[in-house]
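Asks: Quick one: the structure is below, questions incoming.
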Amino acid sequence: MVTIREELNSKNIIKCLLTGVLMMISGMIMQVIKGQLALEKEMPEFGFIISVAIVYTLMGFGYSIVFLMTKDYIPGRNPIQKGLTHGIFGSIVVLIPGVLGMTAFDHTGLFNLWTPYKLEQYFVCFVDVVNLLIGGVILAKFFKADIVINEPSKTPKRPIIITSLIGFILLPLLFLIFHFLGEFLLLFDYVVPSGAETWYYLALISPFALTGGLLPLYYYKVKESFSGNWKNQSISFFILIFLGYYIMNFSFILVFGYSLQTVIFYLIISIPALLPCILINGFIIEKMK
């Protein structure tokens, strides 16, 4: 097993940074295409463009680090398949729930799923999924010589199905519970307009069912990337997902006008929601293997 110190050498970090830059370029190109399709006449402010470019680069860097640390165990018969699988995992586990959760802040259309704001979020989601897939291919090319192709392991259906069902229900529930607790304990001052409460919490929390449902399979496939027993593997997996994906994902909210307090709030409540689910996954998979 390759250690973290061996993987995070200067050569690999440069590759990860370069991947982030390339993903930023492809993301910005698709944002321009989105603007043309939407017939946006006004050019965004220069500061906004720079902010988007920086966040895209950071997201690409975090995405690359996750690939670097798990590349040998990501499913795939060749590097390209591994890169695409990495893109699919990243999209379903973090990106899609995060972007769809943004529709909760559309308090005008509520349950109308085709308002201009929601349509824009759907397009952003599509653009960023494509960008992750492109990034996966880039990473496969950059790290082709370092990727170990293991024989596909047989996935134990029973523990994965059980943990997926648990995560599908438990993760959104924990997010909801800690959202309410966070509002009380952290004095979160975001005010949901009267009459929009049901839509806000449903749209914000329910997409995390996707995360909870796929996390067990993702964890099972890459857990051997981490040393130690199931507890150490689970905690290491959580740290990698949180640092590699969640911080970068939530930072995107800042670019679109939401306060730093909002970003910090959602980062804080995601820790006690996500960690127990991953630990439960690790425990059940270990005991039922």
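The values are calculated or read from the model by the stated rules, or taken from the named source; none is laboratory data. Model, not experiment: these values are computed from the prediction. Glycine also receives a Cβ, built like all others from the backbone with ideal geometry; neighbour counts cover every protein chain displayed. Areas reflect the complete protein model, heavy atoms only, side chains present, ligands, DNA and RNA absent. Shrake-Rupley method; radii C 1.70, N 1.55, O 1.52, S 1.80 Å.
Asks: May I ask you to say which residue of Leu100, Leu119, Leu95, Leu132 is surrounded by fewer than 16 Cβ atoms within 10 Å (Cβ to Cβ) and either of a type in the set (A, V, I, L, M, F, W, C) or in contact with a strand residue (DSSP E or B) (Cβ under 8 Å, 6 or more places away or on another chain) (or both)?
Replies: Values: Leu100 fails: surrounded by fewer than 16 Cβ atoms within 10 Å (Cβ to Cβ); Leu95 fails: surrounded by fewer than 16 Cβ atoms within 10 Å (Cβ to Cβ); Leu132 fails: surrounded by fewer than 16 Cβ atoms within 10 Å (Cβ to Cβ).
Matching residue, one of Leu100, Leu119, Leu95, Leu132: Leu119.
Asks: Filter the stretch 39-52 for residues that are at pLDDT 70 or above and either under 18 Å from Glu120 (Cα atoms) or surrounded by 17 or more Cβ atoms within 10 Å (Cβ to Cβ) (or both) and give the result.
Replies: Across the stretch 39-52, the qualifying residues are Phe48, Ile49, Ser51, Val52.
Asks: Let me ask another. Being modelled with pLDDT of 90 or more and in contact with a Phe, Trp or Tyr (Cβ under 9 Å, 6 or more places away or on another chain) is true for just one of Leu279, Leu267. Which residue is that?
Replies: That would be Leu279, the only listed residue that is modelled with pLDDT of 90 or more and in contact with a Phe, Trp or Tyr (Cβ under 9 Å, 6 or more places away or on another chain).
Asks: Tell me whether the stretch 140-155 contains one or more residues that are under 22 Å from Ser270 (Cβ atoms), under 23 Å from the mean Cα position of the chain (by Cα) and not basic (Lys, Arg).
Replies: No, the stretch 140-155 contains no residue that is under 22 Å from Ser270 (Cβ atoms), under 23 Å from the mean Cα position of the chain (by Cα) and not basic (Lys, Arg).
Asks: Among the candidates Gly76, Gly60, Gly135, which residue alone is in a loop (DSSP other than H, G, I, E, B) and either in contact with a Ser or Thr (Cβ under 7 Å, 6 or more places away or on another chain) or more than 26 Å from Tyr219 (Cβ to Cβ) (or both)?
Replies: Just one listed residue meets the conditions, Gly76.
Asks: Another question, if that's okay. Residues of the stretch 138-164 being surrounded by fewer than 18 Cβ atoms within 10 Å (Cβ to Cβ), touching a residue at least 24 places away in the same chain (Cβ under 8 Å) and outside any loop (DSSP other than H, G, I, E, B), which ones?
Replies: Lys141, Lys144, Asp146, Arg158, Ile162, Ser164
Asks: So if I check each of Ser225, Ser194, Ser234, which one is modelled with pLDDT under 90 and under 24 Å from Gly87 (Cα atoms)?
Replies: Sole residue among the options that is modelled with pLDDT under 90 and under 24 Å from Gly87 (Cα atoms): Ser225.
Asks: Within the stretch 18-34, which residues are farther than 15 Å from Gly62 by Cα and open to solvent by 40 Å² or more (accessible area, probe 1.4 Å)?
Replies: Ile25, Met28, Ile29, Gln31, Val32, Ile33
Asks: Here's another thing I want to ask about it. Read through the list (1) more than 23 Å from Ala145 (Cβ to Cβ); (2) assigned to a loop (DSSP other than H, G, I, E, B), then give the number of the only condition that Val99 fails.
Replies: (2)
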